[in-house]
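S.K.: First the structure, then my questions, so here it is.
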Amino acid sequence: MSDHTTHTRPRRAALGALLAAVLALAGLTAAGLTAAQPATAAPATMRPAANLFQWTWNAIAQECTTQLGPAGYGYVQTSPPNEHVVLAGQWWTSYQPVSYKVASKLGTRAEYKSMIDTCRTAGVSVITDVVVNHMSGQTTAGTGWAGTAYSEERYPGPEGGYGPQDFHACKTNISNYNDRYQVQNCRLVGLQDLDTGSDYVRSEIAAYLNDLISLGVRGFRVDASKHIAAVDLEAIRGKLTDQSVYIEHEVIAGSGEPVQPAEYFGSGDSNEFNYARNLKSVLQSGNLSSLGALKDQSWLLPTDKAAVFVDNHDTERNGETLSYKNGSDYRLANVFALSYPYGWPTVYSGYAFSSTDAGAPQQGNGKVNDAVCGQGTWTCAHRWNETAHMVGFRNAVGTGALTNVWSDGGRLAYGRGSLGYVALNRNGSALQRTFQTSLPAGRYCDVISGATTSGGCSGTTVTVASGGSATFTVPANGSVALHVGQPAGGTATPTPTPTPTPTTASQVSFGVNATTSWGQNVFVVGDRAELGSWNPASAIALSSATYPVWRASVTLPAGTVVQYKYVRKESTGAVTWESGANRTVTVPASGVLTLTDTWRS
């Protein structure tokens with residue numbers, strides 16, 4: 001929930017803290033997901049998230065399959081799934097709970113469960129926004145979205161619901177943010193503040209979170225953490241059925257205020273608002289020099305405790321950060337956030353608005369319409385090359401060190417070890433320069449302008465010489481990004497073999513018996529476009545549902561002789577090919593051919 005330092009708004013709760021979870025199913029993964037990591041996992045080892053703000057569950061399910069999974073997003077953050085008040089279609093009604101039923105203007109419980117399963121199959125874990133500091137701001141009786149009756153300080157709950165005794169004694173709004181008691185016990189912009197110091201209330205909240213876990217949610221974003229005592233959140237976490245969840249808190253701290261983010265590190269990490277504010281200041285000033293050393297600034301949270309973003313649904317509305325309305329500055333900020341080695345980035349993707357209260361495109365009854373990219377008001381910022389392709393960049397460079405930093409004020413360039421290189425140009429004229437990289441010699445695709453194709457590159461090709469130097473042009477108010485996962489013309493290991501193009505298709509169920517460790521997943525890649533054309537970045541994720549056998553079915557042209565191999569990917573993005581020669585299979589004329597191979601060490 002946002003606080004007074006950045007927002008004033010009518011009776012609503014806003015962004016809280018992102019709770020990104022990591023799957024822990026007996027130490028295995030589910031269908032293509034990153035293997036479970038402990039609660040102490042560093043954000044740098046986690047694939048980026050996409051925050052699809054106010055997207056319906058059905059639309060998110062489709063997006064996971066067609067866009068998020070293929071792009072390499074590891075997580076998708078959803079808006080709160082709880083039942084909420086019914087007012088005039090404002091977006092912030094999602095943040096005024098009246099019950100913990102999974103039923104909202106974004107979809108039903110069944111649709112939410114289906115979305116989670118679909119995203120999991122696509123290799124994307126679901127994080128959900130949860131509101132647990134308060135209930136609604138309504139002071140009269142009403143009926144929620146799913147038909148639940150409620151009144152002031154009387155709401156149904158998973159176990160027994162809430163009555164007046166379950167709310168803090170302070171019934172007035174917070175007036176002094178330098179008073180810890182008011183911040184954590186009084187009402188925030190009229191919202192009825194739960195007494196989270198009560199073990200009963202803690203159990204009700206934990207029951208809600210555990211219900212979401214049972215549906216397959218792998219993380220939570222806790223709203224208004226600053227307004228909940230840190231010890232209360234630690235106690236709630238202790239009641240969760242899955243202690244591997246990775247928790248982030250929204251703690252927007254002003255100078256001299258009594259509540260600070262570090263207090264919450266006992267139960268999770270924190271959003272870093274100063275990071276997003278600084279990006280706006282630097283990008284709009286036109287001088288990028290300071291960004292090269294940003295990760296070393298003492299005013300930022302430790303990198304392994306920071307969840308970073310360029311904007312969120314609150315800050316894009318109050319002007320605290322950049323937003324889609326800032327054009328090239330916004331796109332450059334996203335390139336930086338996804339390429340620079342600090343924190344764990346979430347890409348925000350919402351909808352265009354002229355009124356800060358305006359809800360997403362919706363029907364007459366308030367039900368939100370499925371998002372359609374390229375039409376209407378949805379920004380679909382997560383699909384831009386500056387985001388989707390840079391997710392691939394971040395996955396490829398992993399924890400690679402910051403190298404070869406260069407800046408002349410309006411331009412900034414840096415490498416990520418020997419795995420990637422990026423150049424940003426805030427000036428109004430193009431920059432042509434010879435840059436020193438640590439990349440291996442070869443030809444690379446600039447992923448901002450395109451991607452690897454079977455014929456080379458759909459965008460600009462950059463050649464890196466044997467010593468790492470590369471001469472290329474960075475567009476005005478634009479960027480160039482190169483990484484080892486996107487060589488021009490694809491990878492030469494192994495050598496592709498030309499194949500005929502039959503007219504009918506059948507399925508091959510690829511399966512390999514492979515024992516893995518934490519953070520490892522197994523993929524199949526081969527000489528067909530359907531198998532990634534030997535490019536590990538485009539390899540097909542195998543499901544661990546029948547572990548230790550990893551499996552996935554692929555539709556291929558009937559009668560084709562296909563070459564393939566299995567690869568293992570680490571959580572850092574590192575790729576290991578199995579040993580030995582290329583495997584070969586002939587696609588059957590009809591039906592499904594089931595393979596069960598054994599990983600070759």
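S.K.: Quickly estimate the mean residue ellipticity at 222 nm for the chain, helices only: each DSSP H run with n ≥ 4 gives -39500 (n - 2.57), and the total goes over all residues, rounded to 500.
M.R.: For the chain, the value works out to -4500 deg cm²/dmol.
S.K.: While we're looking at this one, here's another question. Determine the shape class of the range 402-483: with a ≥ b ≥ c the square roots of the Cα gyration tensor eigenvalues, call it rounded for a/c under 1.5, and otherwise prolate if a/b is greater than b/c, oblate otherwise.
M.R.: oblate
S.K.: Counting other beta carbons within 10 Å of each Cβ, put VAL592, VAL464 in order, fewest first.
M.R.: Ascending Cβ contact count within 10 Å gives the list VAL592, VAL464.
S.K.: Could you check what % of the DSSP bridge pairs in the chain are antiparallel, to the nearest 5?
M.R.: 70 percent
S.K.: So, one more: Which order do TRP534, TRP550 fall in if you start with the one that has the fewest other Cβ atoms within 10 Å?
M.R.: Ordered from fewest to most neighbouring Cβ atoms within 10 Å, TRP534, TRP550 come out as TRP534, TRP550.
S.K.: Mind running the shape call on the range 195-293? Use the C-alpha gyration tensor, a ≥ b ≥ c as the square roots of the eigenvalues: rounded below 1.5 for a/c, prolate if a/b tops b/c, oblate otherwise.
M.R.: prolate
S.K.: Using Cα atoms only, what is the angle between the long axis of helix 327-339 and the major principal axis of the chain, expressed in degrees (0 to 90) to the nearest 10?
M.R.: That helix lies at roughly 70 degrees to the long axis.
S.K.: Could you give the size of the charge dipole of the chain about its Cα centre, using +1 on the Cβ of each K and R and -1 on the Cβ of each D and E, expressed in debye and rounded to the nearest 20?
M.R.: It comes to approximately 1320 debye.
S.K.: Measure nothing fancy, just the Cα-based angle from helix 109-121's long axis to the longest principal axis of the chain, in degrees from 0 to 90, nearest 10.
M.R.: That helix lies at roughly 30 degrees to the long axis.
S.K.: Applying a 10 Å radius around every beta-carbon, put 206-215, 184-193 in order of their mean neighbour count, most first.
M.R.: Top to bottom by mean Cβ count within 10 Å: 184-193, 206-215.
S.K.: Nearest 10 degrees, 0 to 90: what angle lies between the long axis of helix 273-285 and the longest principal axis of the chain (Cα atoms)?
M.R.: 60 degrees
S.K.: Continuing with the same structure: Specify which residue in the list ASN51, ALA230, GLY519 is farthest towards the positive end of the charge dipole of the chain, using unit charges on the beta carbon of Lys, Arg (+1) and Asp, Glu (-1), about the Cα centre.
M.R.: Result: GLY519, furthest along the dipole toward the positive end.
S.K.: Two-decimal Rg/Rh of the range 505-598 from alpha-carbon positions, Kirkwood Rh?
M.R.: Dividing the radius of gyration by the Kirkwood radius yields 0.95.
Here, each number is a calculation from the coordinates, and none is a lab measurement. Here the structure is a predicted model, which is why all the values come from computation and not from measurement. In this analysis, Cβ positions are derived from the backbone assuming ideal geometry, glycine residues included, and neighbour counts consider all displayed protein chains.
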